[in-house]
Structure formats: structure tokens, C-alpha cells
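Notes for the one structure printed next.
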Amino acid sequence: MKNIFILLTGFFALNVFAVTEIDPTSPNAKVVFEKKTLVLGSQKILVEIADTSDRAARGLMYRKSLTEGNGMLFVFPNAQTRSFWMKNTFIPLAIGYFNSKRELIDVHEMVPAQSEMQMNYPTYVSKEPAQYALEVPTGWFSKHKIKPRQTFQLIEK
């Protein structure tokens, strides 16, 4: 009988753990990002690094603002066609897609979500395979005259 109790306890403990795991896209989830300085053209910006599936899923959701000189860099394990949307992202953003050589492929200006209840979002697709995506305040790329094929570097904060 003691062995059955131990097995049941282990079974219930696994179930409790699975139920209490927090979805990274939940507004209450605490997702921590490493920060680095990204250099692109003559610009240096402080970026949060989204290099895991939880960090990428959360992205800039639920933020109230993104100030000039800040952004988020999504780092993927390989280059492929990428697609982003603005679910639960209420600040206007620009996204730049970069290939595996860290060269800028293309830029999209993204329209913020209107509410958490919104169901349909436009998607912003890279025109070539991308391994990196940089989200910055809307208009940032044109304001700083960042052109296709410019490359970025990452340095420690």
C-alpha cells in the first residue's frame, strides 16, 4: 500500500506542476531578458535579447512605451522566413529583419494592437530568410538612415 501512495503522490505532483506553469504571453508572467548594446550604422541602442521560445513569445507585449535608444532583438537558431504580429502589443513599432550575416534585409512599420480582445492582426513577413529581428520605435530605421545590407554588432552592455 505504501508504494501505491508514493506513486499517486508523484503523479499528483506532476499534475500540479503542469497546471501551475505560467504561459509567457500571460500579462502576469515574469519574463526576464538579458540586455546588450546593439550597434547599427552610427546608432547604439540598448536591446533586450529574446533568444528563447518564452522570451520570443512574450516580446514587447503589454508594454506602455518603448523609448528612443531601446529595442528588442529576437535571435533565432537559423535563418528562415519569419513572420511577426502585434498581438497584445500596444505601442507602434518598426521591425527590421536580418539574415545570418546580420545584414538588414527589410523593414516594416507595424500597427499596434487596438485591444486585448482583437482577433485579427496583420502579419509582417521577412522577404528573405532571417535569423534576427529587431523591434524599435516606429520610424527609427528611416530617422537614422539605416539602409538594407547594413550589419549590426552586439557588445556587452
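The values are calculated or read from the model by the stated rules, or taken from the named source; none is laboratory data. These figures come from a predicted structure and were not determined experimentally. Positions of Cβ are generated from backbone atoms using ideal geometry, with glycine treated the same way; all protein chains shown enter the neighbour counts.
Annotations for the structure displayed:
- The single condition from (1) in contact with a strand residue (DSSP E or B) (Cβ under 8 Å, 6 or more places away or on another chain); (2) exposed (fewer than 14 other Cβ atoms within 10 Å of the Cβ); (3) among the hydroxyl-bearing types (Ser, Thr, Tyr) that Ser115 fails is (1).
- Number of residues in region 65-85 that are farther than 22 Å from Leu46 by Cα and part of a strand (DSSP E or B): the value is 4.
- From the options Pro137, Pro92, residue that is touching a residue at least 60 places away in the same chain (Cβ under 8 Å), closer than 23 Å to Gly69 by Cβ, surrounded by 14 or more Cβ atoms within 10 Å (Cβ to Cβ) and not hydrophobic (A, V, I, L, M, F, W, C): Pro137
- Hey, Met110 buried (at least 20 other Cβ atoms within 10 Å of the Cβ), within 21 Å of Gln153 (Cα to Cα) and at pLDDT 95 or above or not: no
- Residues (within 17 Å of Tyr132 (Cβ to Cβ) and acidic (Asp, Glu)) located in region 45-73: Glu48, Asp51
- Being closer than 23 Å to Phe152 by Cα, exposed (fewer than 14 other Cβ atoms within 10 Å of the Cβ) and at pLDDT 95 or above is not true of Lys36.
- With respect to the conditions (1) free of Cβ contacts under 8 Å to residues at least 24 places away in the same chain; (2) more than 12 Å from the chain's Cα centre (by Cα); (3) crowded, with 16+ Cβ neighbours inside 10 Å, Phe98 lacks only one, and its number is (1).
- Residue count, region 74-89 (criterion: within 18 Å of Glu128 (Cβ to Cβ) and surrounded by 17 or more Cβ atoms within 10 Å (Cβ to Cβ)): 4
- Residues (surrounded by fewer than 19 Cβ atoms within 10 Å (Cβ to Cβ), not hydrophobic (A, V, I, L, M, F, W, C) and not in a strand (DSSP E or B)) located in region 39-64: Gly41, Ser42, Asp51, Thr52, Ser53, Asp54, Tyr62, Arg63, Lys64
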